[in-house]
Amino acid sequence: MSTLTMVNLQKRYANGFEAVPGLDLEIHDGEFLVLVGPSGCGKSTVLRMVAGLEDITGGDLMIDDKRVNDFGPQQRDIAMVFQSYALYPNMTVADNIAFAMRLRKTDKEVMKKKVAEVAELLELTAVLDRKPGQLSGGQRQRVAMGRAIVREPKMFLMDEPLSNLDAKLRVQTRAEISKLQRRLGVTTMYVTHDQVEAMTMGDRVAVLRKGMLMQCASPAELYESPDNLFVAQFIGSPSMNVIRGQVLSADDGSITVSVGQQQVTLEGAAADRLSGLRSMVGRPIAVGIRPEALGGDGTATVEVDVDLVEMLGSELLVHSTVNAPAVYSIEGGVEISEHPDSTVVASLDPRKRVKIGDRLTLTLDTLRVHAFDLDTGNAIGRG
Amino acid sequence: MRLQLAKPAEHPDIVRWPLDQALDDWTIEGLHRVVGLHRHVVRMVEVGQLSYVVKELPDHLAEREWRLLRELVEADLPTAEVVGVVTGRDDDADGLLITRHLDYSLPYRVMLSGRGLRIPYLGDRVLDALAGLLVRLHLAGFFWGDCSLSNTLFRRDADALSAYIIDVETGERHTSLSDGQRRLDLQIATENVAGDLLDLQMGGMLAEGIDPVETALAIESAYEGLWQELTGIDEFNADETFRVDKRLRRLHDLGFDAAELELVTTAGGTTLRLVPRVVEHGFHAQRLRALTGLQSGENQARRLLNDISRYGAVLEQRTGRKVNDSIAAARWLDDRFEPTIAAIPADLVAKLEPAELYHQVLEHRWFLSERAGGDVGMAETVASYVRDVLSLAPTEQVLHPTEP
């Protein structure tokens with residue numbers, strides 16, 4: 001088991017392109033860390049530098065206390081998982097798991113013991129003598145995982161391992177990998193562009209943009225307390241509603257913010273967690289509200305006209321228009337939409353009867369209101 | 001639904017296929033299942049003289065593989081001809097990738113069983129071909145990520161085999177590959193080939209004399225040897241410039257050419273450092289094509305070019321005049337190659353590619369002459385070859401392990 005540390009890790013290509021300007025990140029012993037970000041954010045480059053597949057052009061990469069910048073992939077004792085998950089039809093499950101050890105001329109008794117351990121871990125003991133053709137899809141995936149974990153590497157690296165699978169198998173395998181990683185306790189770095197994968201699998205999630213770390217935190221913290229507008233809008237589906245607002249007033253007990261024609265007053269704990277707004281009276285800000293913060297219990301109310309209803313089974317998404325422009329995170333800052341109105345999405349109880357054209361009063365959980373600086377995109381919290 | 005075809009005029013039947021249906025439900029004539037475990041549904045379709053491989057996979061993967069295969073074709077790398085891609089089918093159904101089955105290719109399951117096909121030193125030939133393919137891909141900046149026998153097809157190439165990449169699902173194209181990427185690809189190849197061979201052995205389908213583990217492990221040294229020969233830096237004394245020519249000849253012998261040679265004088269000016277920029281494979285095949293118009297593998301070309309040179313010498317002896325290469329090649333085509341191929345019965349001639357047929361006839365002639373202790377004529381050689389070799393061999397034009 002191992003700790004991975006990146007200190008000002010850099011990747012600059014010969015043509016001058018700076019894929020990773022300087023990354024500081026630590027993956028703790030036994031942790032499952034997910035690197036997530038949009039296409040081109042540098043996440044695969046980081047993974048390839050860790051694996052030894054890309055030269056590091058600056059900074060330090062440490063495995064435990066050893067600097068490994070100049071080590072080859074094999075010297076790092078890291079396993080890239082799921083490069084290939086082909087199973088061999090004439091081999092039994094045991095042979096499919098063991099054959100890579102045969103290649104390394106591992107002692108037969110050791111091989112047998114390791115296969116038995118891995119099979120136990122993967123709940124494959126009962127099918128060890130079967131051929132892959134006699135297994136279910138999920139069992140086949142577990143045999144493929146067995147091929148990787150039987151090596152007992154210091155660390156697993158996974159680069160979008162589920163992207164080749166169909167939707168159903170992807171969900172199933174996602175759960176299998178999470179369960180297995182927790183049982184094995186092997187330090188794991190997992191790269192994906194899919195924020196659902198990131199949020200459901202990682203102990204912590206590192207969000208990257210243009211090679212820079214936007215935030216690294218637990219899924220819950222990322223979701224509930226994003227450090228900036230980019231993370232707020234990247235994490236969550238449907239994404240956070242972010243609208244231009246203004247701090248109208250603030251006193252010892254409360255803060256009042258306007259969003260279009262509506263006013264929201266934050267009191268008590270809700271005002272305390274955004275106390276940084278107190279020094280911003282009269283200034284415009286970006287107000288962020290997750291769809292579900294508009295659909296449950298709340299202390300404030302917002303009146304909307306329903307434009308669209310989407311029934312998803314587990315939730316009801318209600319789209320309505322607010323007369324304030326939307327705010328987006330863009331490279332280097334924040335952009336305010338030129339359109340004076342924006343669409344706000346609320347997630348409601350699916351049993352609720354709502355139709356297009358209805359006038360609806362939504363309750364707002366003021367403890368879940370976020371505020372962002374319009375110049376920097378950074379979250380405004382306790383002042 | 002969107003169908004993109006690379007050369008629509010050459011594949012008119014595809015538009016009549018039930019492209020909107022799940023591949024598993026197709027019932028068209030000439031449809032075969034492809035044996036083995038596949039990540040996706042795969043079918044082979046035979047239409048007249050053409051065979052296609054159709055693979056069902058998610059749209060984004062189908063598009064990606066379509067793009068990568070086209071890039072490989074454009075870079076003149078050995079791969080399957082990509083014919084078309086279907087995306088945006090109804091109900092979120094997966095897309096389809098259509099490639100043309102490589103004529104005269106030998107799937108590893110058929111070839112390595114050692115049944116029906118006669119390929120001496122089979123294990124060595126396979127690993128040399130695979131290592132050669134990997135080197136060529138790496139020189140072009142292509143990381144395979146899943147090099148295996150099942151993702152490769154082989155074709156006879158005189159005394160050797162040529163390997164073709166047919167599945168690039170995990171591939172990535174870069175400007176160039178780092179040593180780490182190359183090493184990882186090689187490690188994956190070694191492991192996959194060991195798995196493929198062990199699987200055949202456990203299924204009782206591996207020819208005797210092939211050790212799965214040793215064969216797989218030998219890929220690494222075959223690869224490293226070739227990589228070093230193609231990219232290694234030579235240092236020599238400033239008065240040994242003949243070594244530049246020597247190095248070029250070695251590259252040509254391996255079928256490669258140097259697009260650029262960088263000669264650097266070291267400090268003091270006493271030594272030169274030679275850095276080759278190798279880009280091209282097919283040196284002999286291109287020369288043969290330029291001289292005769294014949295399509296061939298690299299080793300077949302080398303063999304046929306030697307025969308052309310020998311025939312040129314015979315002509316010079318007969319006429320007492322210098323015969324240039326173009327004239328020797330034209331005369332060789334008329335006097336030797338075409339009469340030999342024409343002498344093979346029409347029902348047997350399609351069993352092998354013409355260049356391979358001619359090479360085998362030359363081999364057979366050598367064998368007969370050795371046994372007779374003197375030269376045996378071409379007519380007698382062809383008759384013996386047809387009777388004792390070709391008529392017993394399987395037809396290799398479309399040879400694939402399918403289920404009806």
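Bear in mind that the values in this text are calculations on the coordinates, not laboratory data. What you are looking at is a predicted structure, and each value in this text was computed from that prediction instead of being measured. Glycine also receives a Cβ, built like all others from the backbone with ideal geometry; neighbour counts cover every protein chain displayed.
The label-point distance for A:Thr265 and B:Thr265, in a model that sets each label 7 Å from Cα toward Cβ, rounds to 8.8 nm. Label positions at A:Thr301 and A:Thr125, each projected 7 Å from the Cα along the C-beta direction, are separated by 6.1 nm. For a modelled paramagnetic label at A:Phe71, 7 Å from Cα along Cα-to-Cβ, the residues of region A:143-157 in reach, with backbone nitrogen under 14 Å, are A:153-157.
Relative to the present Cα-Cα distance, how much length would full extension add between B:His174 and B:Asp159 at 0.36 nm per residue of separation?
Values: separation 15, 0.36 × 15 = 5.40 nm, distance 3.30 nm.
Extra length available between B:His174 and B:Asp159 comes to 2.1 nm.
Around A:Ala286, under 9 Å between beta carbons, what's the net of Lys plus Arg minus Asp minus Glu among the other residues? After counting each charged neighbour, the total is 0. Shown here are the Rg and Dmax of the Cα trace of the protein assembly as shown, at 32.4, 114 Å. Residues within the reach of a label modelled at B:His60 (point 7 angstrom out along Cα to beta-carbon, backbone nitrogen below 16 Å), restricted to region A:135-172, are A:159-171. When the charge dipole of the protein assembly as shown is built from unit charges on Cβ atoms (+1 for Lys and Arg, -1 for Asp and Glu) and taken about the Cα centre, the candidate among A:Ile356, A:Ala220, A:Phe99 whose Cα reaches farthest toward its positive end is A:Phe99. With the biggest extent put first, the Cα atoms of region A:60-138 measure 47, 28, 22 Å across the principal axes.
Only counting other Cβ atoms within 10 Å, I'd like A:Lys210, A:Lys11, A:Lys108 sorted with the fewest neighbours first.
Details: A:Lys210 17, A:Lys11 23, A:Lys108 10.
Arranged by neighbour count, lowest to highest, A:Lys210, A:Lys11, A:Lys108 become A:Lys108, A:Lys210, A:Lys11.
Based on DSSP H assignment, which helices of chain A show an axial Cα extent of at least 15 Å together with a mean Kyte-Doolittle hydropathy greater than or equal to -1.0? Provide the component values of the computation, followed by the final result.
Values: long enough: A:93-103 (17 Å, 1.01); A:108-121 (20 Å, -0.30); A:137-149 (18 Å, -0.58); A:167-184 (25 Å, -0.78).
Those that pass (Cα extent of 15 Å or more, hydropathy at least -1.0) are A:93-103, A:108-121, A:137-149, A:167-184.
The dipole here belongs to chain B: it is taken about the Cα centre, uses +1 on the Cβ of Lys and Arg and -1 on the Cβ of Asp and Glu, and is about 1260 debye. Annotation: extensible slack from B:Leu392 through B:Asp124 equals 94.0 nm (criterion: 0.36 nm per residue apart, minus Cα-Cα distance). Placing unit charges on each Cβ (+1 for Lys and Arg, -1 for Asp and Glu) gives region B:23-142 a dipole about its Cα centre, and among B:Gly123, B:Val83, B:Leu68 the Cα reaching farthest toward its positive end belongs to B:Gly123.
Among the listed pairs A:Lys113/A:Lys154; A:Lys43/B:Lys7; A:Lys43/A:Lys154; B:Lys7/B:Lys55; A:Lys11/A:Lys154, those with a Cα-Cα distance over 27 Å are A:Lys43/B:Lys7. When every Cα-Cα distance of region A:247-323 is counted in 5 angstrom steps from zero, the calculated P(r) takes the values 3, 13, 22, 23, 16, 11, 7, 4, 1 percent. For region A:329-380, a crude dipole built from +1 on the beta carbon of Lys and Arg and -1 on the beta carbon of Asp and Glu, taken about the Cα centre, is about 680 debye to the nearest 20.
Think of chain B as having a plus end and a minus end, set by charges on the Cβ of Lys, Arg, Asp and Glu; of B:Leu96, B:Ser176, B:Leu161, B:Leu161 sits farthest toward the positive end of this dipole.
At what distance in angstrom do the alpha carbon centres of region A:111-159 and region B:124-144 lie from each other? With region A:111-159 and region B:124-144 each reduced to a Cα centre, they are spaced 30 Å. Counting only Cβ charges, +1 for Lys and Arg and -1 for Asp and Glu, the dipole size of the protein assembly as shown around its Cα centre is about 1120 debye.
Could you calculate the FRET efficiency of B:Gln187 with A:Asp55 from 1/(1 + (r/R0)^6), where r is the beta carbon distance between them and R0 is 25 Å, rounded to 0.05?
On the way: r = 18 Å, r/R0 = 0.73.
According to the calculation, E is roughly 0.85.
If R0 is taken as 30 Å, the Cβ-Cβ distance between B:Ile28 and B:Val349 corresponds to a FRET efficiency of 0.55.
When the P(r) is computed for region B:113-233, the part past 25 Å accounts for 20% of the Cα-Cα pairs. Which part of region A:213-254 falls in the paramagnetic zone of A:His339, meaning amide N under 15 Å from the point 7 Å along Cα-to-beta-carbon? It comes to A:241-244, nothing else. Going by a ≥ b ≥ c, the root eigenvalues of the Cα gyration tensor, does chain B fall in the rounded group (a/c under 1.5), the prolate group (a/b larger than b/c) or the oblate group? It is oblate, given that a/c is not under 1.5 and a/b is not larger than b/c. Overall form of region A:21-69: oblate. Here a/c, set by the Cα gyration tensor axes a ≥ b ≥ c, is 1.5 or more, and a/b is not larger than b/c. Think of it as helices only: each DSSP H run of n ≥ 4 in chain B is worth -39500 (n - 2.57), and spread over all residues that comes to -13500 deg cm²/dmol at 222 nm. Label sites at A:Ala116 and A:Asp166, each approximated as a point 7 angstrom past Cα along Cα to Cβ, lie 3.8 nm apart. Rg over Rh for chain A works out to 1.06, both radii taken from alpha-carbon positions and Rh defined as the Kirkwood radius. Taking K and R as +1 and D and E as -1, what net charge do the other residues with C-beta under 15 Å from the C-beta of A:Gln134 add up to? Local net charge: +2.
Under the rule a/c < 1.5 gives rounded, and otherwise a/b versus b/c splits prolate from oblate, where does region A:49-208 land using the Cα gyration tensor? It comes out oblate by the Cα gyration axes.
Arrange the following residues from fewest to most other Cβ atoms within 10 Å of their Cβ: A:Phe17, B:Phe142. Display every interim value, and only then the final one.
Numbers: A:Phe17 9, B:Phe142 25.
Ordered from fewest to most neighbouring Cβ atoms within 10 Å, A:Phe17, B:Phe142 come out as A:Phe17, B:Phe142.
Per-residue ellipticity at 222 nm, computed for chain A from helices alone with -39500 (n - 2.57) per DSSP H run of at least four residues, works out to -6500 deg cm²/dmol.
Ordering A:Ile255, A:Ile78 from the fewest to the most neighbouring beta carbons within 10 Å gives A:Ile78, A:Ile255.
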